[in-house]
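Take a look at the structure set out below.
The values are calculated or read from the model by the stated rules, or taken from the named source; none is laboratory data. Everything numeric in this text was worked out from a predicted model, so none of it was measured. Ideal geometry is used to build each Cβ from the backbone, glycine not excepted, and the neighbour counts take in all protein chains shown. Please note that ligands, DNA and RNA were not included when accessible areas were found on the heavy atoms of the full protein model with its side chains. Shrake-Rupley method; radii C 1.70, N 1.55, O 1.52, S 1.80 Å.
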Amino acid sequence: MTDHNTILGFDTSRRGFLRRLAFTSAATAAASLVPGVTFASSARGRPDGDGGVEWKKTPCRFCGVGCGLLVGVSADRAVAVKGDPDSEVNRGLCCVKGYHSVLALYGADRLTKALVRKNGTLVETPIAEALDLVASKMKETIAEHGKDAVAVYGSGQWTIPDGYVASKLFKGAIGTNNVEANARLCMASAVTGFLTTFGLDEPMGCYEDIDHADVFVTWGNNMAEMHPVLFSRMLDRRAKHPDALIIDLATRTTRTSEAADRSILFHPQTDLAIANAICHEIIEKGWVDETFVKDHVAFKSGKTGIGYGLEDGFAFKDEAKAATFDDYRAFLADYAPERVEALTGVSATDIRYLASLYGDPNRRVVSYWCMGMNQHTRGTWINNLIYNIHLLVGKISQPGNGPFSLTGQPSACGTVREVGTLTHKLPHGVVMNAKDRAMAAEIWGVPVENIDPKPSYHTVEMFRALDRGDVRFMWIQVTNPMVTMPKLRRYRDGAKKDGRFIVVSDVYPTPTTDVADVVLPSAMWIEREGMFGNSERRTQHFDRLVPPPGDAMSDTWQLIEVARRLGYEKLFPWSEETHIADIWREYSRFHEGKKHGMAPYEVLRDQPGAIWPYVDGRSTKWRYHAKHDPAANGDGYDFYGKPDGRAWVWLRPYEPAPEVPDNDYPFWLNTGRVVEHWHTGSMTRRVPILHRAVPSAYVELHPDDARRLGIRNGDRVALESRRGSIELPANIGGRGTPTPGQVFVPFFDESYLINELTLDAFCPISKQPDYKKCAVRVRKAGRG
Amino acid sequence: MSAAKDRRTAVWLRALRTLLFVGAMIAVVVVVGEQIRPRHGETTAHATHGHGVLAQVRADSHDVRFATPLTLPAHARPTDVVVRTLASYRSRRAYPGAPPVVPHAIDPDVFRTQDCNACHERGGYVEKFAAWTPITPHPQWDNCLQCHARAESTPAAFAASTFTSDAWPSLGRAALPGGPPPIPHTLQLRENCLACHAGPAAPLEIRCTHPERTNCVQCHVAPATVPAFTRTAGASR
């Protein structure tokens, strides 16, 4: 006891002791009164341990929220993380992945040397030699099979310079449109949704909507786990404004449902019918904002019965036909709330309740969604239908009012959507448009004929082409398709075929590096300079804060090195020291003007991000309204993305999923994420704290189904679809509960490749596959 | 004489009775009041948010003071309590300032509803762990598992990690002998000093000797997070 008091430097006199007791200093009291307690030795006198930590800003490496972080750097190593209080995104709060993000740099099995496959095994090779091999293989493939036999497949984790250099090299220099990114699997439907309704991509609002909204509707979007920082901001808004409501509309009960004021469950795929039923009710109740609709909305119908893309070479082109409000009203007759009750599993009362929230002129409403609506064989349609709701009631482009499509990767917006690393895209516009090609040719300094006016393969078709042999060389950067492709077995077998050459740039060994012929070690995140663009149009710069390990090199620089070996050094003349700034200046030229102007490099270095359009030194927080958007003409709304200056309300019907549960395969299979792991877990599983929290994948079942099948928590369960089977532990009553007749499996775990079961059906407009719905059978493993 | 004496005695007795009655009433009010005093939930999101550090610390110190073994009946007083030390405090954090992991099993309902603050907002003794509940310094946030991962029974590592962070601040960093030590961390998400520095769940080495003084930042200053200084060209005119 005395020992302890001395340690703490306490006054041990009787009077002092009594005085502290009188104040019931709990610390002293507990320590003094409790026998049998041992105390740690003093830490006093240790040299200052926190000296020399420098704090530097960066956006988070993980999801599309794009939180601002401050990374503590000491002796060339990242040692700590804080939320950046100056970031408008997260205002100092992070999630468990962000707080532990820097640990992802330090997995013991980091790739630090280039590997080249020799006689079947990957052998360490000097990186210059590996880059020579990549370049010569590309040349050889182009010579033998043509330029469309080489492809690059990147991701929404590409920095903006990575994607820009990839696009310039493949589209501008080589002249192939074989540029795709895993964001096709993630938000392509959001893009086509925006383009078909507004003519321009990306949300009109920003995260500040949360501070103004009265109602939040999450459409198939477990924000508590997937966009936790934004969800906490919503909870904070509700704590301060107790009238604020959170409504969770989902096919699975989650932490979001638990925190919501109301949880509404629906049958998979029927969100289409629910959205139309809400519009039906809004019109029948007379809640339409008639002036807004008359002045700013046009009605269109498109093709129906549009297929599912299950066959190789599937092609589809939609066609917009003019319609009227009366056509629309007649179209909605099938969607009266009572008529869709049985289909959707949602009561007419609940649909009317939702409609009343959207329709109430005194409530500001934000709708949020992410993969639930985007990974959907009618993904473009359901995006359109949410816009319909907001457009009918005129709740859009105002603080606290608007539809908001969230993304899952740190630069799905910044790189894939804005730089345009998709087969049909250019940094400005599309390859099909002669003016856009001319602009790209001029800025890139290439002959305009170099740019092929015909898109080649979207992601699923690109991997099919690899399987068929139409694509022979594929360079995969910052992504893990051998875990994430749907109907995985076909595409893995295809990648392993003879005569295919696969280059993989990554930071850790993955199932994708397992099929590689060359593995290039990448500099990760803050080991190099770069920019990400998040869900709210915010571009954020990060510097090289720590040196990369071994031979690791940024993806940008790998591409430049190969481009130079291919003879394109004039197109990529930049120095290692200033190339990111130079690339940013060249790239920004594509977006000059009030509609998409980008913040200058110096501004991005200086502050935690800027939202485009960045005009006259200011971020544009809400687009399409003259009050906030310098590009909008007049003094009110201006949907300048469409030639008619209007936003389009689409007549999109409910159509069923391609594969629905039947007698042979009676369960829906839904896949997704958990808060602790990100994407395929190649980074988060190497963070001990995150791995310990969720060490392996599992299958969630509804308790009633589990009881019926005799499955208890932890039992091995066999799942089988028409494409593959898997055995994994059951999880009942965990963080999520699927609706009866549905099972849920997270996809982060490479030991349980759930995508061997999923279906490669996609939205015919966006070409984005549906990972949320296919049919499986479920049984307790080890039984007939 | 004796009549006068009796009268005096009667007056004294009356006065004594009145005094006893008043005393008894005060005792009743105090005892009953203490029983019916609202305790849990005093520091709600509203109370803690927007009232500044001072008010919050006051409110919480009131809470914390009642959560001592002294308020327990003698037979319920813990005899073998796990007392938190800086070593155990650090073992749950990847680096100084990291959100701690959850070291105990989480009830399945709580795992979904995230009602962690039911215990961690106010603290208290938990018999099954023989420990005092650490108090959260930020009860206004309630999507708890967003930041705090459950530490499952330890499975084999997916891959070893070479991450190290030995940036823990030392104790006793006062500029002058006897002076108030500065706060070695920012107050971001840790606005409530007493949550970690007082009460039976506070790590021993960092317990405050004077929790009754609630305006902590009057004497102890917190550092701002200063980004590294970079010289901008042309800054010196």
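Computed with every protein chain present, the accessible area of B:Cys144 is close to 20 Å² [probe 1.4 Å].
With both labels modelled 7 Å from their Cα along Cα-to-Cβ, the B:Ala105 to A:Arg489 distance reads 3.9 nm. Between A:Glu140 and A:Val430, the contour length at 0.36 nm per residue exceeds the alpha carbon distance by 101.5 nm. Inter-label distance, A:Glu602 to B:Arg213: 4.8 nm, where each label sits 7 Å from its Cα along the C-beta direction. Peptide A:98-108 is shielded by partner chain Cβ atoms: per residue, an average of 5 of them sit within 10 Å of its Cβ. Given R0 = 35 Å, the distance between the Cβ atoms of A:Arg339 and B:Ala118 translates into a calculated FRET efficiency of 0.20.
Of all DSSP bridge pairs formed entirely within the protein assembly as shown, close to 50 percent run antiparallel. Couplings for the stretch A:305-317, taken from phi via the Karplus curve 6.51 cos²θ - 1.76 cosθ + 1.60 with θ = phi - 60°, read x, 8, x, 9, x, 6, 9, 4, x, 4, 10, 8, 9 Hz in order; Gly and Pro are left as x. Quick one: P(r) of the stretch B:82-237 from all Cα-Cα pairs, 5 Å bins, percents rounded to integers, in order of increasing distance. With 5 Å bins starting at 0, P(r) equals 2, 7, 13, 19, 18, 14, 11, 7, 4, 3, 1, 1, 0, 0.
The share of alpha-carbon pairs in the stretch A:648-701 lying farther apart than 16 Å comes to 62%.
Backbone phi angles across the stretch A:283-296, fed through the Karplus curve with coefficients 6.51, -1.76 and 1.60 (θ = phi - 60°), yield HN-Hα couplings of 6, 5, 7, x, 8, 5, 7, 5, 4, 4, 5, 4, 8, 10 Hz in residue order; Gly and Pro are listed as x.
Based on alpha-carbon atoms, the Kirkwood radius and the radius of gyration of the stretch A:54-105 give Rg/Rh equal to 0.94. Using the rule -39500 (n - 2.57) for each DSSP H run of four or more residues, divided by the residues of chain A, the 222 nm mean residue ellipticity is -8000 deg cm²/dmol. What percentage of all Cα-Cα pairs in the stretch A:216-280 are separated by more than 16 Å? Taking all Cα-Cα pairs of the stretch A:216-280, the fraction more than 16 Å apart is 45 percent. Diffusion of chain A by Stokes-Einstein, at 4 °C in a medium of 1.567 mPa s and with Rh set to the Kirkwood radius over alpha-carbon pairs, works out to 47 µm²/s. With the convex hull drawn over the C-alpha atoms of the stretch A:654-784, the volume per residue is 121 Å³. The Kirkwood radius of the stretch A:174-216, taken over pairs of alpha-carbon atoms, gives through the Stokes-Einstein law at 25 °C and 0.890 mPa s a diffusion coefficient of 188 µm² s⁻¹.
Each principal axis of the Cα cloud of the stretch A:242-378 was evaluated for its coordinate range; sorted largest first, these ranges are 51, 38, 26 Å. For the peptide A:687-698, the mean number of other protein chain Cβ atoms found within 10 angstrom of a residue's Cβ is 6.
Subtracting the Cα-Cα distance of A:Arg468 and A:Ser751 from 0.36 nm times their residue separation leaves 99.2 nm of extension gain.
Grab the other residues whose beta carbon is less than 11 angstrom from that of A:Leu70, score K and R as +1, D and E as -1, and report the net.
0
What share of the DSSP beta bridges in the stretch A:626-761 is antiparallel, in percent to the nearest 5?
45 percent
Distances over 27 Å make up what percent of all Cα-Cα pairs in the stretch A:491-642?
Cα-Cα pairs in the stretch A:491-642 separated by more than 27 Å: 43 percent.
Using a 1.4 Å probe over protein heavy atoms, the accessible area lost on pairing A with B, summed over both chains, comes to approximately 6300 Å². Pairs over the 32 Å Cα-Cα cut-off, from the set A:Lys147/A:Lys594; A:Lys300/A:Lys594; A:Lys57/A:Lys240; A:Lys97/A:Lys137; A:Lys303/A:Lys487; A:Lys147/A:Lys773: A:Lys147/A:Lys594; A:Lys97/A:Lys137; A:Lys147/A:Lys773. For the listed residue pairs A:Lys294/A:Lys321; A:Lys454/A:Lys496; A:Lys425/A:Lys772, the alpha carbons are over 22 angstrom apart in A:Lys454/A:Lys496; A:Lys425/A:Lys772.
Based on the inverse mean of 1/r over its pairs of different Cα atoms, what is the Kirkwood hydrodynamic radius of the stretch A:386-430, in Å?
Value: 12.5 Å, from the Cα pair sum.
A protection proxy built from the mean count of other Cβ atoms within 10 Å ranks the segments A:285-292, A:499-506, B:82-89, most packed first, as A:499-506, B:82-89, A:285-292.
Ligands, DNA and RNA are left out, and with a 1.4 angstrom probe the accessible area of the stretch A:195-315 is 29 Å² per residue.
Each residue of the stretch A:513-527 was assigned a 3J(HN,Hα) from its phi angle through the Karplus curve 6.51 cos²θ - 1.76 cosθ + 1.60 (θ = phi - 60°); the sequence is 5, 4, 9, 7, 8, 9, 10, 9, x, 9, 7, 9, 6, 7, 8 Hz, with glycine and proline shown as x.
Highest mean packing comes first when the peptides A:563-573, A:742-752, A:55-65, A:354-364 are listed by Cβ atoms within 10 Å, giving A:55-65, A:742-752, A:354-364, A:563-573. From the Kirkwood radius over Cα pairs of the stretch A:619-685, Stokes-Einstein at 37 °C and 0.692 mPa s returns a whole-number translational diffusion coefficient of 189 µm²/s. Across peptide B:199-208, the mean count of Cβ atoms from other chains lying within 10 Å of each residue's own Cβ comes to 5. Binning the C-alpha pair distances of the stretch A:174-303 at 5 Å intervals from 0 yields a P(r) profile of 2, 8, 12, 16, 20, 19, 12, 6, 3, 2, 1, 0 %, listed from the shortest bin outward. Residue-normalised convex hull volume from the C-alpha trace of the stretch A:77-150: 199 Å³ per residue. Label positions at B:Phe129 and A:Asp582, each projected 7 Å from the Cα along the C-beta direction, are separated by 5.7 nm.
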